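Peer 1: The structure is given below, and queries will be raised subsequently.
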Amino acid sequence: MKRGAKARPVLITLLMLLPGWAIFFGLFFYPMMITVVRSLRPEGEQVGWTLEHYVRFLSEPRARGVIVLTFVLSIASTLCSIAFSLVLCLVLRRKPRGHRFFRLTMLVPRVVPGLIGALGLLLLLGSRGWVNLFLLQFPFIREPVQINYTIPGLILFYTWLYFPFTAVTTLSTLESLDPAIEEAADVAGANRWQVLRHVIVPLIMPGILAGSILTFMAAFGAFSIPLIAGGNYRPLAVEIYRQIDFTPARWSAASARAMIMALLQVIFLTIYMRILRRPAR
Amino acid sequence: MTLMRQYLRAVFNARKLLIYTFLLCFALAIYLPFLMIVLRSIGKEWFGKLWLPPKLTLDWYRWAVEVTNIVDISKNTLIIAGLAVIMSTLVGIPTGWAFGRRRIPGKELLMSMILLPRMIPPIAYALGVAQIFYRLHLINTHFGVALSHVAVCAPYAILVLSATFEGLDERVLEAAAVCGANPLRTFFHVIVPLILPGILSSMIFTFTTSYNEFTLTLLTYGKDTVTLPVRTYLAIGEGYWEVTSAMSVILVIPSLIVLFLIQKQVAPEKLVGGFKGV
């Protein structure tokens with residue numbers, strides 16, 4: 001009797017967890033397994049095991065370029081996001097007039113579909129866009145600057161789209177900071193820059209890093225943006241899609257690339273977490 | 001002394017000027033792309049080095065409606081987003097309740113597993129989802145596309161709802177019991193009003209996620225389930241920038257409504273996910 005009375009709540013808990021697990025296994029774990037198995041099968045067959053898709057992709061000279069490009073884009077845009085978010089949040093923390101508006105502005109790239117943001121940026125930065133029209137006003141710039149479809153351009157696109165992850169967490173960490181700490185540093189005779197460098201930044205570092213992980217993950221997995229704005233530069237996600245974009249679709253080749261991508265991300269995240277968990281100086 | 005004060009004021013104003021210039025540039029960087037889209041969608045014969053289109057027209061919108069069948073596409077998008085929201089909420093409520101109210105061994109680990117679909121690049125499991133759906137004939141059905149969206153929407157719903165249930169104060173429930181409310185009455189008059197904001201914000205976020213979802217849709221859509229993001233992508237590929245812009249203006253309206261709701265109702269931090277503990 002006692003055992004039964006104890007077992008019932010456990011059973012209810014398990015039942016309640018069931019839908020979440022069903023979704024997790026049905027829509028994530030099982031598809032992931034299919035991708036793993038598919039990547040090890042010969043193209044278009046249901047039997048047999050092979051590693052040729054991995055070997056073939058990794059031995060292509062282009063493969064290294066693709067992987068390096070993916071990392072360059074995601075790391076560079078993460079660093080840009082951190083730098084930009086830090087300045088923006090330090091400014092917004094002072095609650096300048098209209099700060100609510102700017103807070104909302106910060107969320108716009110997250111709420112609006114990424115494709116539209118990318119389309120707008122393509123129009124704005126194109127050779128006939130306002131940025132180039134503005135730059136052409138200067139006497140030393142004769143030709144429109146090519147921004148779209150270049151690596152710096154792509155980094156700019158990524159930063160525009162993914163900085164809110166970093167900015168929002170940075171801002172909320174910054175606002176939960178105890179003002180007394182700063183005042184203490186101030187009283188101790190530190191100037192503004194020293195307070196920033198030695199007090200504020202180390203204290204909010206965990207928040208910045210946690211946010212920047214989100215930016216990094218989004219940038220690493222970015223698909224729609226490089227698809228339309230990448231031009232000749234294809235990061236891993238686009239490279240995967242290109243394998244199944246035409247008929248006959250090469251599912252196995254695509255799956256092998258997807259596995260490499262997922263693995264690289266997990267490895268990088270593990271290293272990142274290590275750095276994050278290390279006690280601050 | 002006056003000199004000193006003037007000097008200080010000048011420095012202060014320079015700082016203020018700098019801050020506002022920075023904020024202005026930031027706002028311009030965010031909003032100008034949208035302004036460009038709007039201008040492109042109503043402009044006509046806009047060639048060469050012109051800042052503004054010389055003539056205005058609504059032709060591109062007519063094209064968007066007639067040629068790209070935007071009414072049907074909007075209908076598809078909304079049906080799919082609606083289904084995804086319903087399914088994610090139905091999954092999120094019990095699971096969120098269990099996570100929020102029950103002591104589960106290894107809760108942290110379970111939670112991070114639930115959040116895993118948001119950490120692995122979607123294209124990796126989208127490949128698997130597409131292959132399963134081909135076998136189950138779920139490709140090109142509204143239900144199928146919505147179901148694939150649930151993979152990324154449900155973690156959000158579970159996260160937000162478990163925080164909501166966790167925030168439910170035990171003492172309020174006890175107070176209701178003390179005042180003589182039976183469980184049914186407690187549920188409808190105490191619990192529901194308390195968790196309704198949480199459910200609403202979870203719905204807003206899952207709607208945004210599904211509405212903007214591109215990767216999973218691209219791998220599971222068919223000719224009857226083209227959604228607005230996919231259609232925009234196809235239109236960009238076709239190179240009709242004006243028509244694409246007109247479609248984008250239509251596509252962006254629900255997002256703006258959502259932004260408005262967020263500003264009214266919910267904390268923006270939640271929008272980027274509660275990965276703070278990562």
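Readers should treat all values here as calculations from the given coordinates under stated rules, not as data from a laboratory. Small disclaimer: the values here were computed from a predicted structure and weren't measured. Glycine also receives a Cβ, built like all others from the backbone with ideal geometry; neighbour counts cover every protein chain displayed.
Peer 1: Of the peptides A:33-42, A:223-232, how do they stack up when ordered by the mean number of other Cβ atoms within 10 Å, highest first? Can you show the working numbers first?
Peer 2: Working: A:33-42: 18.2, A:223-232: 20.2.
In decreasing order of mean packing, A:33-42, A:223-232 become A:223-232, A:33-42.
Peer 1: Follow-up. Give me Rg over Rh for the protein assembly as shown, both radii from the alpha carbons and Rh done the Kirkwood way, two decimal places.
Peer 2: Taking Rg over the Kirkwood Rh, I get 0.99.
Peer 1: Return one quarter of the surface area of the convex hull spanned by the alpha-carbon atoms of chain B, equal to its mean projected area, in nm². Walk me through the numbers before you get to the answer.
Peer 2: Values: hull surface 98.7 nm².
Averaged projected area of chain B's Cα convex hull equals 24.7 nm².
Peer 1: Taking 0.36 nm per residue of sequence separation and subtracting the Cα-Cα distance, how much length would be gained by fully extending the chain between A:V145 and A:A188, in nm to one decimal? Present the calculation step by step, with values, prior to reporting the outcome.
Peer 2: Values: separation 43, 0.36 × 43 = 15.48 nm, distance 4.92 nm.
Taking 0.36 nm per residue and subtracting the Cα distance, the gain is 10.6 nm.
Peer 1: Turning to a different aspect of this structure: For B:D169, B:D59, which order do you get if you count the other beta carbons within 10 Å of each Cβ and list the fewest first?
Peer 2: Taking fewest neighbouring Cβ atoms as first place, the list is B:D169, B:D59.
Peer 1: If you don't mind, there's one more thing I want to ask. Could you work out, residue by residue across B:85-93, how many beta carbons of other chains sit within 10 Å of that residue's beta carbon, and then give the average as an integer?
Peer 2: Per residue, the number of nearby Cβ atoms from other chains is 2 on average.
Peer 1: I would also like to ask the following. Sorted by mean Cβ packing within 10 Å, highest first, what order do the peptides B:156-164, A:191-199 take?
Peer 2: Highest-to-lowest ranking by the protection proxy: B:156-164, A:191-199.
Peer 1: Work from the charge dipole of the protein assembly as shown (Cβ charges, +1 for Lys and Arg, -1 for Asp and Glu, about the Cα centre) and give the residue of B:S202, A:V112, B:L52 farthest towards its positive end.
Peer 2: Most positive-ward Cα: B:S202.
Peer 1: Right, next: Averaged over its residues, how many other protein chain Cβ atoms are within 10 Å of peptide B:225-233's Cβ atoms?
Peer 2: Averaged over the peptide's residues, the number is 3.
Peer 1: A further question follows. Taking θ = phi - 60°, what integer Hz values does the Karplus form 6.51 cos²θ - 1.76 cosθ + 1.60 yield along the range A:16-25, in sequence order, with x for Gly and Pro?
Peer 2: Here the 3J(HN,Hα) series is 5, 6, 3, x, x, 5, 4, 5, 4, 6 Hz.
Peer 1: Expressed as cubic angstrom per residue, what is the convex hull volume of the alpha carbon set of chain A?
Peer 2: 244
Peer 1: If you don't mind, there's one more thing I want to ask. Please state the shape class of the range A:176-263: rounded when a/c is under 1.5, otherwise prolate if a/b exceeds b/c and oblate if not, all from the C-alpha gyration tensor. The partial results should precede the final answer.
Peer 2: Numbers: a/c = 5.76, a/b = 3.85, b/c = 1.50.
It is prolate, given that a/c is not under 1.5 and a/b is the larger ratio.
Peer 1: Which far-off residues, 5 or more places away or on another chain, put their amide H under 5 Å from the one on A:I147, with H placed in the peptide plane?
Peer 2: none
Peer 1: In addition: Quick check: residue separation of B:R101 and B:Y134 times 0.36 nm, minus the Cα distance between them. What number comes out in nm?
Peer 2: This chain segment gains 8.0 nm when fully extended.
Peer 1: Give me A:S176, A:S81 sorted ascending by neighbouring Cβ count inside 10 Å, so fewest comes first.
Peer 2: A:S176, A:S81
Peer 1: As a test of the formula, what do you get for chain A when each DSSP H run with n ≥ 4 contributes -39,500 (n - 2.57) and the sum is divided by the residue count, at 222 nm and rounded to the nearest 500 deg cm²/dmol?
Peer 2: Taken over chain A, the calculation gives -24000 deg cm²/dmol.
Peer 1: Determine the shielding of peptide A:100-111 by partner chains: average, over its residues, the number of Cβ atoms on other chains within 10 angstrom of each Cβ. Can you show the working numbers first?
Peer 2: Working: counts 1, 3, 5, 2, 6, 7, 4, 8, 9, 3, 8, 16.
Rounded to a whole number, the mean comes out at 6.
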